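Throughout, read-outs are computed from the coordinates displayed, never taken from laboratory work. Note that the structure is a prediction, hence the values are computed from the model and not measured. Cβ coordinates were reconstructed from backbone atoms using ideal geometry, including for glycine residues, and neighbour counts include every protein chain displayed.
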Amino acid sequence: MTASFDSHLFWAALTSEPYWRGALLALELTAVSLATAIVIGFFAALGAFSPRRWVRSVVWTYNWLFRATPTLLQLLIIWDALPQLWSGFASSWFTPFMAAWIALSLNEGAYMSEIIRAGLLSVDPGQELAGRALGMSRRQILRRVVVPQAVRIVIPPTGNEFITLLKLTSLASIISLHEILTSAQELAVSTFKYPETLLAALLYYLVIVSMLMVLQSRLERRFTWSSGRRRRIQAPAVPAISHDAR
Amino acid sequence: MSALRAHDVVKCYGDLEVLRGVTFEVDPGQVKVIIGPSGSGKSTLLRVLASLEAPDRGAVTLEDRAPQPGEVGMVFQRFNLFNNMCALDNVMCGLVAVRKLSKSEAREQAIAFLERVGLAEHASKYPDELSGGQQQRVAIARALVMKPKAMLFDEATSALDIELVREVLDVMESLAREGMTMVVVTHEMRFAQHVASSVLMMDEGRIVEEAPPADFFSAPKEERTQRFLALVE
């Protein structure tokens, strides 16, 4: 069986420009989408605690809308439907990468807001009380005390989100974004050699995720407060989110 | 002129009236100890005095004006040190964030106050590496460094192992001797007897009785105080 595996083609695919460019594109798209999603999610999480009812309603509706509908549909609406609704989107700046960035950020922001909300809730209310007793403003307490402690709780589920998002970038192949999976499929179709071409793509995903895991464990240590930085922390109380349906 | 004063303070949580018109004052350099059963409103009174809770009626004044941020120091039962900061940063935090001092100035003062509570050598340790007694002493230093006009202690030794209580009480006693204005909620009757200028009994959101410790413990006037002391001693 292995005799039919063309290792030459495998290496050629692995080192070919479309592959590494495609992988880089997937990584870029994941990174910028996650970064944007964290910003959206942070403010949505704060909004969920707002005393104003309308703010909470906006956050709720946003979370509901983007979690209840398929990511693929969101991507198609932003890429295909939006330019027909607003002519501003029917111009050259609106590239497939832009469309995917917007769609994935909005989608992921909804999930991140729940994760960040749980992270903020996990910080002992006594911390805020102590800050107020010192005369610190709400914003100072958030920035210096609550957010750093919430970050530690938020890192592991955010690592999961990165992985999910990386895999979701392959959806962007249908709006002609030339990411790694598109490159692999093109090569597979032209050579008719599926094992070699697809395995090469698989390897790229494995490498990217492995790099992320190293980064994540460094970050976790960075946000653990012991001078020895060895403290074990219990699994965070973050609601499990099923990724299968996305 | 009273240092810290609560005038006819009413505080409700929903339907529950926790403070029912409390008038209370402490003069400069006085130490007032508040005792009473749980749910009597002691902690709520301290929180109102520290401006952590706004009263529904009445007012709190410091030297006959509204207290400014950081002017009334508070020490909590569960220490509430900032978990993401080492001891030194905990003590510096208020100086940098609220008093707007430069980091080097803040550091200098913070170290002096850590020395004051005997913890200078633990400056770089994080709260989870310190014992309860050490954490509480850092918390006291964190409040003192703000140069408060009054210090409030909310059952500061209740969460401590028995052998760690002494080191915290020692710090509190030396503060009292130095003339700090203090309001102390505690179950440490010996502390009340030896350090207090006067002792107050609270029950059901009211101050039932106030007297100098000698009179308060030997000849309490109110029946409620007699019953409480009989149970505690």
* Structure fact -> Correct semi-axes for the stretch B:176-227, from √(5λ) of the alpha-carbon gyration tensor and rounded to whole Å with the largest first, are 20, 13, 9
* Violating pairs (Cα-Cα greater than 21 angstrom) within the set B:Lys149/B:Lys221; B:Lys100/B:Lys147; B:Lys11/B:Lys147; B:Lys125/B:Lys149; B:Lys103/B:Lys125; B:Lys32/B:Lys221 -> B:Lys149/B:Lys221; B:Lys11/B:Lys147; B:Lys125/B:Lys149
* Structure fact -> Where a ≥ b ≥ c are root eigenvalues of the Cα gyration tensor, a/c under 1.5 meaning rounded, otherwise prolate if a/b exceeds b/c and oblate otherwise, the protein assembly as shown counts as prolate
* Structure fact -> Taking the dipole of the protein assembly as shown about the Cα centre (Lys, Arg +1; Asp, Glu -1; charges at Cβ), the one of A:Ala35, B:Ala123, B:Met182 that reaches farthest to the positive side is A:Ala35
* Length gain on complete extension for the stretch A:Ser122 to A:Asp6, per 0.36 nm per residue less the alpha carbon to alpha carbon distance? -> 36.5 nm
* Structure fact -> For A:Leu72 and A:Arg218, extending 7 Å from Cα along the Cα-Cβ vector and measuring point to point gives, in nm, a value of 3.7
* More than 17 Å apart - percent of Cα-Cα pairs taken over the stretch B:86-147 -> 27
* **Additional length obtainable on full extension of the chain from B:Leu16 to B:Leu231, 0.36 nm per residue less Cα span** => 74.8 nm
* Asked: How high is the FRET efficiency from B:Arg177 to B:Glu121, r the C-beta distance, R0 25 Å, rounded to 0.05?
  -> 0.55
* Structure fact -> Using alpha-carbon positions, the gyration tensor of chain A gives root eigenvalues a ≥ b ≥ c; with a/c under 1.5 called rounded, otherwise prolate if a/b exceeds b/c, else oblate, the class is oblate
* Structure fact -> Amide H neighbours of B:Gly36 at under 5 Å, excluding residues fewer than 5 places away on the same chain, with H built from the backbone geometry, are B:Met202
* If you average over every viewing direction, what projected area does the convex hull of the Cα atoms of the stretch A:51-91 give, in nm²? -> 3.8
* Inter-centroid distance (Cα atoms) of the stretch A:4-68 relative to the stretch B:162-233, Å -> 59
* Take the Cβ-Cβ distance between B:Thr23 and A:Trp64 as r, set R0 to 51 Å, and report the resulting FRET efficiency rounded to the nearest 0.05. => 0.50
* Packing-wise, with mean Cβ within 10 Å as the measure, how do A:84-92, B:6-14 rank, highest first? -> B:6-14, A:84-92
* the protein assembly as shown - charge dipole about Cα centre, Lys and Arg +1 at Cβ, Asp and Glu -1, debye rounded to 20 -> 720
* To do: With a point put 7 Å past each Cα toward its Cβ, work out how far A:Arg52 is from A:Arg139 in nm, to one decimal.
  => 1.6
* Considering only chain B, what is the antiparallel percent among its DSSP beta bridges, to the nearest 5? -> 55
* **Averaged over A:138-148, number of beta-carbon atoms from partner chains that fall within 10 Å** => 3
* To do: Just the number, please: percent antiparallel of the DSSP beta bridges in the protein assembly as shown, rounded to the nearest 5.
  => 55
* Along the stretch B:116-128, what does the Karplus equation 6.51 cos²θ - 1.76 cosθ + 1.60 (θ = phi - 60°) give for ³J(HN,Hα), rounded to whole Hz, x for Gly and Pro? -> 4, 9, x, 10, 4, 6, 9, 4, 8, 7, 8, x, 6
* For the pair B:Glu204 and A:Leu203, what calculated FRET efficiency results from E = 1/(1 + (r/R0)^6), where r is the Cβ-Cβ distance and R0 = 51 Å, to the nearest 0.05? -> 0.10
* Once you put a point 7 Å from the Cα of B:Gln68 and another 7 Å from the Cα of B:Ser38, both along the Cβ direction, what distance in nm separates them? -> 3.9
